[in-house]
Amino acid sequence: MNDSTRKEISRLVIDIKEQVQYLEELGVETLAADLPVNTFNRVDKSISQKTKAGGEHSDSPRVDTLKRPDGITTKSPPKNSTRQKDFLNSTRISSVSRPSKEIQSSNQDSDKKVNPPVEKPMTKTQTLTESLFGDASVSLPKTDETLEKIYKEIGGDCSRCVLCEKRTQVVNSVGDPDADLMFIGEAPGADEDEQGEPFVGRAGKLLTKIIEAMKLSREKVFIGNINRCRPPGNRQPVPEEVEQCKPFLIREISVVRPKVIVVMGNTACQNLLGTKVGITKLRGNFQEYYGVKVMPTFHPAYLLRDPRKKREVWEDMKMVTDFLANNGSE
Ligand code: URA
């Protein structure tokens with residue numbers, strides 16, 4: 001073994017140790033192992049295989065898969081390594097066919113057009129359009145209203161949509177009204193409906209862990225949902241329900257003016273950004289919403305079903321932490 005191979009191996013070991021530490025912080029308990037192979041092979045699959053999975057609930061795994069001499073199959077290479085960067089550049093969604101900015105900005109009026117049939121490469125930060133205010137590339141509207149005013153207007157007995165019939169209570173957002181970071185989910189579940197606070201059930205506890213792994217706390221961020229009332233049986237809110245509730249969330253965003261919004265899962269991502277592009281494609285790439293950076297990532301409830309996806313969420317959250325630490329530059 002020559003010197004450069006030795007150096008490469010020790011660099012890999014350091015990278016792997018770091019990666020394992022991050023995974024432990026997120027509570028990942030197992031890593032998939034495979035039969036030993038002799039060479040460091042990338043498992044090559046076509047882009048179309050990589051991206052055919054549309055959304056969060058798809059079973060198709062991302063194919064960021066490496067087989068290593070020790071037989072462990074990793075989902076992506078060790079953090080920070082040059083190899084990882086090359087690898088990510090060659091496989092991540094940012095380099096895979098994505099809808100182009102031009103197509104999107106020339107089709108601002110309808111969801112259908114925002115999800116064009118022809119996909120072109122996407123830039124690192126991409127602007128998606130939002131149907132309520134029009135052009136999402138302009139900055140957030142200025143407002144001097146308060147969260148209290150918004151909650152008063154919503155009212156405890158809101159009956160703007162049918163969700164009021166089965167809910168226990170309206171679940172408003174919580175957290176720091178001056179937060180730099182905001183998390184948006186889909187709608188309250190049973191625990192949230194009972195306790196009147198977003199993300200307090202099992203998925204919420206995992207979200208709290210993620211926030212803490214980012215060296216933040218629930219009190220220092222702002223947490224809300226697209227819809228404030230629990231849909232019966234935890235079904236997804238339908239467009240008429242979203243239409244009634246989302247304007248209040250947008251008003252909250254204008255009050256809080258976060259630097260980054262993390263949208264968790266398809267429902268939050270697609271409804272905030274006004275796109276039909278799935279979370280599997282969008283996650284890990286900053287989007288923009290009225291000048292605010294938006295990071296799409298998987299919903300914590302999905303992570304409970306498939307803990308292997310925690311790694312991707314952690315990568316996404318690292319990008320968010322780095323962005324905030326760099327004071328707003330990617
Ligand atoms: N899932 C969500 O999307 N929101 C919550 O508040 C809880 C679970």
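Things worth noting here:
- All helices (runs of 4 or more DSSP H) inside region 239-330 with 2 or more residues being in contact (Cβ under 8 Å) with a residue 40 or more places away in the chain and over 13 Å from the mean Cα position of the chain (by Cα): 239-256, 310-325
- Filter pass, Y302 being aromatic (F, W, Y), more than 16 Å from the ligand (Cβ to nearest atom) and in contact with a helix residue (DSSP H, G or I) (Cβ under 7 Å, 6 or more places away or on another chain): no
- Only one of the numbered conditions (1) open to solvent by less than 10 Å² (accessible area, probe 1.4 Å); (2) more than 16 Å from the ligand (Cβ to nearest atom); (3) modelled with pLDDT of 95 or more is violated by Y290, and that is (3).
- Of the candidates E219, E192, E153, the single residue that is out of contact with any Pro (no Cβ under 7 Å at 6 or more places or on another chain) and over 26 Å from M319 (Cβ atoms) is E153.
- Subset of region 214-238 that is part of a loop (DSSP other than H, G, I, E, B) and open to solvent by 40 Å² or more (accessible area, probe 1.4 Å) - its residue that is farthest from the ligand (Cβ to nearest atom): K215
- Residue in region 311-327 that is open to solvent by less than 10 Å² (accessible area, probe 1.4 Å), at pLDDT 95 or above and within 13 Å of the ligand (Cβ to nearest atom) present: no
- Residues (assigned to a helix (DSSP H, G or I), away from the ligand (no atom under 16 Å from the Cβ) and in contact with a Phe, Trp or Tyr (Cβ under 9 Å, 6 or more places away or on another chain)) located in region 152-185: E153
- Positions within region 197-212 being part of a helix (DSSP H, G or I) and charged (D, E, K, R), in sequence order: R202, K205, K209, E212
- Boolean, G175 is at pLDDT 95 or above and open to solvent by less than 30 Å² (accessible area, probe 1.4 Å): no
- Of all residues in region 122-156 being polar (S, T, N, Q) and at pLDDT 85 or above, the one that is surrounded by the most Cβ atoms within 10 Å (Cβ to Cβ): T143
- Odd one out for S254, checked against (1) closer than 17 Å to I210 by Cβ; (2) away from the ligand (no atom under 14 Å from the Cβ): (1)
- Once region 195-224 is narrowed to residues that are among the hydrophobic types (A, V, I, L, M, F, W, C) and free of Cβ contacts under 8 Å to residues at least 60 places away in the same chain, the residue that is nearest to L304 (Cα to Cα) is V200.
- The set of residues from region 194-210 being within 9 Å of I223 (Cβ to Cβ) and either open to solvent by 20 Å² or more (accessible area, probe 1.4 Å) or more than 7 Å from the ligand (Cβ to nearest atom) (or both) comprises E197, L207.
The values are calculated or read from the model by the stated rules, or taken from the named source; none is laboratory data. As the structure is a computational prediction, the values presented were derived from the model and not from experiment. Don't worry about glycine lacking a Cβ; one is built from the backbone with ideal geometry, like all the others, and counts go over all protein chains shown. Each accessible area value is taken on the protein alone, full model and side chains, heavy atoms only, with ligands, DNA and RNA left out. Shrake-Rupley method; radii C 1.70, N 1.55, O 1.52, S 1.80 Å.
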